[in-house]
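Data block below; observations after.
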Amino acid sequence: MKKRIFSGIQPSGTLHLGNYLGAIKNWVALQDKYDSTFCVVDLHAITVPQKPAELRQKTIEVAKIYLAGGVDPEKSAIFVQSHVSEHTELAWILNTITKLPELERMTQFKDKSQQHNQNINAGLFNYPVLMAADILLYDTDVVPVGEDQVQHIEITRTLARRFNQMFGETFTVPEPYVVEEGMRIMGLDDPAKKMSKSAESAFNYISLTDDPDTVREKIKKAVTDSEKEIRYSDEKPAIKNLINIYSLLDNIKPQEIEDIYRDKRYSEFKNDLAETIIGFLEPFQKKYNEIDDGEVRKILGEGAEKVRPMAENKMREVKEKMGLI
Ligand code: ATP
Ligand code: LTN
């Protein structure tokens, strides 16, 4: 039997290179070897305010990005989280075995509650519990994510073990899967923070829908470190980040890039990097634009039908073990 992977992205904001390099690129590499399920996590997106019309549109867009990025619906199930109601049902149950301090520790919660300090709702606080439900419903072995999500997988593991201990073996304890270099693409305007959809400035990220001129402008404006040398080092986080992007898109080792540009100027390196990004985005966007919305809806419908029986069986087992008649 193939091992199972599960992952998801929220339909909020603009998907960027960090999402592609940290998540989707790895999904595509793994989908042949694993039984794969990729979810558009709309119920997670509403933990911060969303406009209904935009949410509707973004949900389809994210699914299209999965497809344009190379997720193959023949191999992998692609579906929308809210279409399989067992996710919220299991989340409620897991809430009852989750301790408040476990959630209070979460970095993402701390960050988001600062960003949205007028709307720190219970959903935002319970976000990791819903994510645990997503993962545990499907006996997931491996969860491919960017490094920022590892803390949420840790709490998922804790909840799985706790439930198993209290009620008997029910859940598979999943492992995170983080590719080293893709782990954390940092903001172009601030290499101390991750590239983020919800960043205030569009100069933080390269959106997967940016046109060539926008890419050139953003890379030109990307912050660099004080001294002029092109070196791959933790002391030079801005250049290191740009080298990482280059390296992942072109499949060349960071050290080789360092060798090529060692005695060259930032401007030359940046020009080449911008063209590399454009070279990736052009075919990606072409594919994206060719995908028909009706076709996406059909794929999402089939995806939900494919995963639903597993979710139903797992919920039945959970309820029985807990004494819910
Ligand atoms: P936000 O910043 O608004 O919270 P996000 O950009 O982190 O959103 P998510 O939907 O939370 O997007 O994440 C989707 C996937 O992309 C996750 O697997 C996450 O780890 C990965 N990811 C997001 N940002 C980066 C990044 N900068 N570098 C690498 N991976 C990332
Ligand atoms: N919290 C994740 C998105 C997400 C997810 C999941 C990822 C929701 N449920 C299950 C992997 C597995 C994020 O990227 N912010």
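When the residues of the stretch 115-141 are filtered to those that are within 10 Å of ligand 2 (Cβ to nearest atom) and among the β-branched types (Val, Ile, Thr), the one that is farthest from the chain's Cα centre (by Cα) is 140.
Taking residues in the stretch 68-91 that are farther than 14 Å from residue 299 by Cα and in contact (Cβ under 8 Å) with a residue 40 or more places away in the chain, and partners anywhere that are open to solvent by 50 Å² or more (accessible area, probe 1.4 Å) and of a type in the set (Lys, Arg), the pairs with Cβ atoms closer than 6 Å and at least 6 places apart or on different chains are 84/308. Could you tell me whether any residue of the stretch 143-159 is open to solvent by 40 Å² or more (accessible area, probe 1.4 Å) and more than 14 Å from ligand 2 (Cβ to nearest atom)? Within the stretch 143-159 (the criterion being open to solvent by 40 Å² or more (accessible area, probe 1.4 Å) and more than 14 Å from ligand 2 (Cβ to nearest atom)), the answer is yes, since at least one residue qualifies. The condition of being of a type in the set (Val, Ile, Thr) and either more than 24 Å from residue 204 (Cα to Cα) or touching a Pro at 6+ places or on another chain (Cβ under 9 Å) (or both) holds for only one of 230, 239, that being 239. Filtering the stretch 77-114 to residues that are more than 14 Å from ligand 2 (Cβ to nearest atom) and either of a type in the set (Gly, Ala, Ser) or part of a strand (DSSP E or B) (or both) leaves 85, 113.
Residues in the stretch 10-54 that are of a type outside the set (A, V, I, L, M, F, W, C), more than 11 Å from ligand 2 (Cβ to nearest atom), closer than 20 Å to residue 297 by Cα and in a helix (DSSP H, G or I): 52, 54.
The values are calculated or read from the model by the stated rules, or taken from the named source; none is laboratory data. Since we're looking at a predicted model, the values are computed, not measured. Quick reminder, even Gly has a Cβ in these numbers, built from the backbone with ideal geometry, and neighbours come from all protein chains shown. Quick note on the areas: whole protein, heavy atoms, side chains included, nothing else; ligands and nucleic acids left out. Shrake-Rupley method; radii C 1.70, N 1.55, O 1.52, S 1.80 Å.
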